[in-house]
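The values are calculated or read from the model by the stated rules, or taken from the named source; none is laboratory data. Because the structure is predicted, anything quoted here is derived from the model rather than measured. Because the Cβ atoms are built from the backbone with ideal geometry, glycine has one as well, and the counts that use them run over all protein chains shown. For accessibility, only protein heavy atoms count, side chains too; no ligands or nucleic acids. Shrake-Rupley method; radii C 1.70, N 1.55, O 1.52, S 1.80 Å.
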Amino acid sequence: MYSERLSGEESLRQDFEALSVSKRLMRSVSQKLRKKNQRPGGEEEDDARGISLRCLTLYGRGGGCKVGADTGDDFGDPSNRRRSSASDEGKGYRPICGTEESGMDCFSYGVRERFWKKHNRKDFELEESIRNSRMHIFLPDDILEMCLVRLPLTTLMTARLVCKKWRHLTTTPRFLQMRREGSHQNPWLFIFGAVKDGYCSGEIYALDVSLNQWHVIGADILKGRFMFSVASIQDDIYIVGGCSSLNNFGRVDRSSFKTHKGVMLFSPLTKSWRKVSPMKYARSMPILGVSEVTSDFSTSQSYQNRQDRRIPRSRLGGVSDVYEDPHRLSLRRQCRYAVDENESSLLPNRKSYKFIKQKSDHSSMKSHRRFVIIAVGGLGSWDEPLDSGEIYDSVSKKWTEIQGLPVDFGIVCSGVVCNGMFYVYSESDKLAGYDIERGFWIGIQTSPFPPRVHEYYPKLVSCNGRLFMLSVFWCEGDGQIGRRNKAVRKVWELDLMYLNWTEVSVHPDAPMDWNAAFVADGNMIFGIEMFKIFGQVLDFFTVCDVSDMEMKWSHISRNHVTHELDASSCSTKSMAVLHL
């Protein structure tokens with residue numbers, strides 16, 4: 001009887017436990033239905049991936065949910081045991097407790113979303129990479145070039161770091177030509193000749209005028225070189241001549257130095273350097289001029305005019321030129337032989353003439369523009385003033401000696417190309433012009449030159465066929481009370497028809513820099529003045545629009561980036577302007 005009582009109590013306890021489990025199931029099912037009604041579309045995405053996030057069908061890192069596994073054991077289905085989430089069979093696992101709507105959710109709020117993101121991160125990354133790769137694969141190169149060519153220079157440099165394809169597209173000659181011919185360029189100013197702690201650092205300071213941002217470009221190839229000149233052609237900068245110290249390499253030391261005749265080319269768009277043909281004579285601080293010439297331009301005229309160079313004054317005693325400079329006689333003989341060969345080559349038969357003409361016509365059809373660089377004056381290897389000149393052809397890539405400066409012209413201090421004529425100004429206030437196409441010098445007599453302070457040499461600039469000169473003029477107070485004597489920098493324009501100078505503008509800053517640099521680009525004149533005051537070097541950048549009737553000057557940068565430079569940078573600096 002006692003055993004029957006025990007068996008009855010045990011059955012009653014089992015029934016009670018079964019009843020409690022049913023209550024828990026009902027509570028879970030009701031909560032699940034409530035959540036499903038609130039989020040009707042969240043689970044369909046999970047089922048589409050083959051992984052159900054309900055309790056009875058979810059597979060974790062340890063092999064799956066224990067509730068689902070225990071239930072599977074109770075039902076006697078060995079195929080429903082725990083499986084790895086990495087297996088392919090587990091992804092197609094079907095729920096064991098009826099339909100999916102009756103499954104249990106054993107996760108608290110937010111755990112389900114975190115678990116889903118954790119196990120599907122690789123799928124998201126794969127889809128994102130496929131989407132990006134498809135975008136690059138199916139985007140034509142022409143469309144990419146059209147997008148990249150419109151970027152500013154700084155953004156373009158950053159875009160080249162994206163991939164090798166973008167770097168290749170933005171450095172091809174086709175892309176550079178598109179950018180050069182487009183209207184998406186901004187003016188940039190490049191300052192050369194920086195000196196720090198007595199050494200030529202070789203750094204180049206570049207100013208983006210549109211954004212007023214400074215950039216420093218390292219140039220190890222320029223370390224130790226100073227007193228060179230720069231000239232810009234399209235989107236390249238030529239560095240011509242210069243000096244370097246022999247005893248103290250890198251320092252600005254003119255006690256023992258070497259004068260260079262080498263020429264280098266710097267391309268800011270590609271940040272590349274390359275050497276070009278050297279000059280025939282070593283020069284420091286030569287006066288440069290750049291001009292565009294026609295396709296049939298020839299330097300043979302310059303060869304023929306070399307024998308018409310200025311003959312120096314004979315020494316005391318009437319020594320002839322042959323004994324004074326034997327090298328000059330050999331040059332004349334070589335020139336005579338070269339002229340004879342040229343004359344004989346100009347008389348070929350009819351067939352060869354047709355062939356040469358067709359070849360020249362074919363070369364003229366090329367889209368490449370032809371430029372020349374003229375280098376005049378400067379200082380020679382022994383620090384002596386030079387009166388000779390050379391011309392560089394961008395097609396033949398060679399330097400050719402040209403006719404010397406006129407007699408008693410003096411030391412050249414400034415020069416610029418205007419309307420196919422290379423105008424130069426001397427320290428003795430004389431003006432001359434070199435006809436680039438014909439190859440000879442012309443002395444120009446103008447109205448009385450503008451008065452100037454002799455310690456400040458004038459600077460010639462050219463803007464759209466107009467010739468300007470900037471000179472420092474001393475304004476006197478005229479004895480009036482409250483007015484003091486002061487020096488001002490004025491801008492004068494030369495009337496090329498009547499050869500008269502006219503004052504057109506006054507620079508707003510006091511002329512503190514005797515070696516101020518001014519360059520022109522289009523209708524704009526850019527200027528830089530550097531001087532040392534209160535123990536540091538200050539710089540002032542100004543610009544003037546000559547198309548404006550008032551021709552007012554304005555400052556474009558007040559950052560004073562040169563305050564870390566030495567005072568010797570004021571005399572060694574040079575400036576170039578490009579549209580990039």
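Take Lys280, Lys275, Lys486 and sort them by solvent-accessible surface of the protein heavy atoms, 1.4 Å probe, largest at the top.
Lys275, Lys486, Lys280
Using 22 Å as the Cα-Cα cut-off, could you pick out the over-long pairs in Lys165/Lys271; Lys223/Lys275; Lys280/Lys573; Lys196/Lys573; Lys490/Lys552?
From Lys165/Lys271; Lys223/Lys275; Lys280/Lys573; Lys196/Lys573; Lys490/Lys552, over 22 Å: Lys280/Lys573.
Enter the accessible area of Phe249 (Å², nearest 10), with the probe set to 1.4 Å and all protein chains included.
Its accessible surface works out to 140 Å², give or take rounding.
If I stretch the segment between His454 and Asn212 completely, what's the gain in nm (0.36 nm per residue apart, minus their alpha carbon distance), one decimal?
Answer, rounded to one decimal: 83.7 nm.
Are there any GluC sites (Glu not before Pro) in the range 494-580 that are in a DSSP loop and have at most 11 other Cβ atoms within 10 Å? List them by number.
For GluC sites (Glu not before Pro) across the range 494-580 that sit outside H, G, I, E and B with at most 11 neighbouring Cβ atoms in 10 Å, the list reads Glu550.
Roughly speaking, what is the centre-to-centre gap between the range 529-580 and the range 212-274 when only Cα atoms are used, to the nearest Å?
Cα centroid to Cα centroid, the span is 19 Å.
Calculate, for the range 135-181, the solvent-accessible area per residue in square angstrom, rolling a 1.4 angstrom probe over the heavy atoms of the protein chains.
The answer is 65 Å² per residue.
Using a 1.4 angstrom probe with every protein chain in place, what is the largest-first accessible-area order of Arg251, Arg34?
Arg34, Arg251
Which whole-Hz couplings ³J(HN,Hα) result when phi for each residue of the range 568-580 is put into the Karplus expression 6.51 cos²θ - 1.76 cosθ + 1.60, θ = phi - 60°, listed in order with x for Gly and Pro?
5, 5, 5, 9, 9, 6, 8, 9, 9, 10, 9, 9, 10
Rg(Cα) of the range 135-181 divided by 2.2 N^0.38 Å?
Cα Rg divided by the expected 2.2 N^0.38 Å: 1.05.
For the range 472-579, what is the accessible area per residue in Å², given a 1.4 Å probe and the full set of protein chains?
52 Å²
With all protein chains present, how much of the accessible area of the range 135-181 (probe radius 1.4 Å) comes from carbon and sulfur, to the nearest whole percent?
After summing per-atom areas, the C and S share lands at 67 percent.
Order Asp123, Asp142, Asp235, Asp253 by their accessible area, 1.4 angstrom probe, all chains in place, largest first.
If we order Asp123, Asp142, Asp235, Asp253 from most to least accessible, we get Asp142, Asp123, Asp253, Asp235.
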